[in-house]
Amino acid sequence: MNFLYGKLKVILTVSIIILFIALNQNTANAQRTKTSQKAGEQRKAEKGLKDNRYFIYFLDSTITNFGTDQEKKKFKEACQRDIISHLLYMKYLFKESYSEIRKTQKILIDLYQICLKKDLDMAKNLLNEAAPKSLLSNNVKATAYIRLGYREQKSAEIFLNMGDNYKETLYSLRLYQYLKAMKNAKHSKRYGLLATVESRIPAGEKSETEQLDFYQFNEKLQKISTPEKKDYYSLIHIDNYYRIKGELSIYEAVWEKSDLHEVEDYKKYLSDDD
């Protein structure tokens, strides 16, 4: 009887130990799953913040220089949401940070599509305007610039179409295509301005267009431009190098004075903290 009692006691003890190990294992697995999920959210948010820095930078000058009031307002919101994304990330609210990153990217997609259409129209007009003069003057350099300009314009259109035809929810991938299109569109405008200057150089006069720096080229552009086109050409030239005419771009202005209270979602995050 004592032997049977002792055997049952051993079995019960072993069962309790096994149950204790199983419960600890389940708890450990749950903790690992939660930690792994948190790490995944952190990686997504971190990559999104880095991506948005480039997406905003390449759009900043175009919106600042050529954007309508409505476009500037939307871009300001995108910059404000970018700041909110950073604040949430620093609070270890990675899921919420990624949610704001996505909202920022959705706004940027709409703005990129609008600005790319404007840039491509500008490039096309510059090239079409310079082409007849180049052909009539038999200017080899101007003709070469025009050919390169049309090539860059076509490349921009291809990248734009690729971005438009990606799955709608693949925000980051679409924006990378739009970013490439923006680069090509600005290259096309550069060639358009080079062709404009080159085609108006009198026959027999030595051309040094390709040797001019940013400021020298702007001066040359001013000299050959008609009064009504001077400011327009100069602004395109400035924008082609991602510069702005004023002191602060919209992005810089938002970082100086963010006005985050204007974003309704930010009020929600503040109330959550309370």
Exercise. Does segment 163-172 contain any residue that is of a type in the set (A, V, I, L, M) and either part of a helix (DSSP H, G or I) or over 30 Å from the mean Cα position of the chain (by Cα) (or both)?
Worked result: no
Exercise. Which condition breaks for TRP255 when tested against (1) touching a Ser or Thr at 6+ places or on another chain (Cβ under 8 Å); (2) modelled with pLDDT of 90 or more?
Worked result: (1)
Exercise. List the pairs whose first member sits in segment 112-137 and is within 17 Å of THR226 (Cβ to Cβ), whose second member is assigned to a helix (DSSP H, G or I) and aromatic (Phe, Trp, Tyr), and whose Cβ atoms are under 8 Å apart, counting only residues at least 6 apart or on separate chains?
Worked result: ALA130/TYR145
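Inspect all residues belonging to segment 224-239 and state whether any of them is out of contact with any Asp or Glu (no Cβ under 6 Å at 6 or more places or on another chain), in a helix (DSSP H, G or I) and more than 20 Å from THR64 (Cα to Cα). Talk me through it step by step, then tell me what you get.
Step one: of segment 224-239, the residues out of contact with any Asp or Glu (no Cβ under 6 Å at 6 or more places or on another chain) are 224-239.
Those still in the list that are in a helix (DSSP H, G or I) too: 224, 230-239.
Filter again for more than 20 Å from THR64 (Cα to Cα), leaving 224.
Yes, that holds for at least one residue.
Name the residue that is nearest to ALA181 (Cα to Cα), counting only residues in segment 246-269 that are touching a helix residue (DSSP H, G or I) at 6+ places or on another chain (Cβ under 6 Å) and not in a helix (DSSP H, G or I). Please lay out each step first, then the result.
Step one: of segment 246-269, the residues touching a helix residue (DSSP H, G or I) at 6+ places or on another chain (Cβ under 6 Å) are 249-251, 254, 258, 260, 263, 266.
Pick out the ones that are also not in a helix (DSSP H, G or I) and you get 249, 258, 263.
Numbers: SER249: 21, SER258: 29, VAL263: 30 Å.
Here the residue is SER249.
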Exercise. Pick from ALA78, ALA144: which is of a type outside the set (Val, Ile, Thr), in a helix (DSSP H, G or I) and surrounded by 20 or more Cβ atoms within 10 Å (Cβ to Cβ)?
Worked result: ALA78
Exercise. Are any of the residues in segment 150-164 over 30 Å from PRO202 (Cβ atoms) and of a type in the set (Ser, Thr, Tyr)?
Worked result: yes
Problem set entry | Criterion: in contact with a helix residue (DSSP H, G or I) (Cβ under 6 Å, 6 or more places away or on another chain), closer than 30 Å to ARG43 by Cβ, at pLDDT 95 or above and of a type in the set (Asp, Glu) - qualifying residue of ASP119, ASP60, ASP110 | ASP60
For this session: Filter segment 151-208 down to the residues that are in contact (Cβ under 8 Å) with a residue 40 or more places away in the chain and β-branched (Val, Ile, Thr), then identify the one that is farthest from ASP51 (Cα to Cα).
Result: ILE201
For this session: Name every residue in segment 202-233 that is within 16 Å of GLU129 (Cβ to Cβ), out of contact with any Lys or Arg (no Cβ under 7 Å at 6 or more places or on another chain) and surrounded by 10 or more Cβ atoms within 10 Å (Cβ to Cβ), in order of residue number.
Result: LEU221, SER225, LYS229, LYS230, TYR232, TYR233
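Based on what the data block shows, is ALA123 within 20 Å of the chain's Cα centre (by Cα), closer than 26 Å to GLY163 by Cα and crowded, with 16+ Cβ neighbours inside 10 Å? Spell out how you get there, then give the answer.
Numbers: within 20 Å of the chain's Cα centre (by Cα): no; closer than 26 Å to GLY163 by Cα: yes; crowded, with 16+ Cβ neighbours inside 10 Å: yes.
The answer is no for ALA123.
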For this session: Test ILE109 against the stated conditions and say whether it is closer than 24 Å to ALA185 by Cα, of a type in the set (Val, Ile, Thr) and part of a helix (DSSP H, G or I).
Result: yes
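The values are calculated or read from the model by the stated rules, or taken from the named source; none is laboratory data. None of these values were measured; they are calculated from a predicted model. We place every Cβ from the backbone using ideal geometry, glycine too, and count neighbours over all the protein chains shown.
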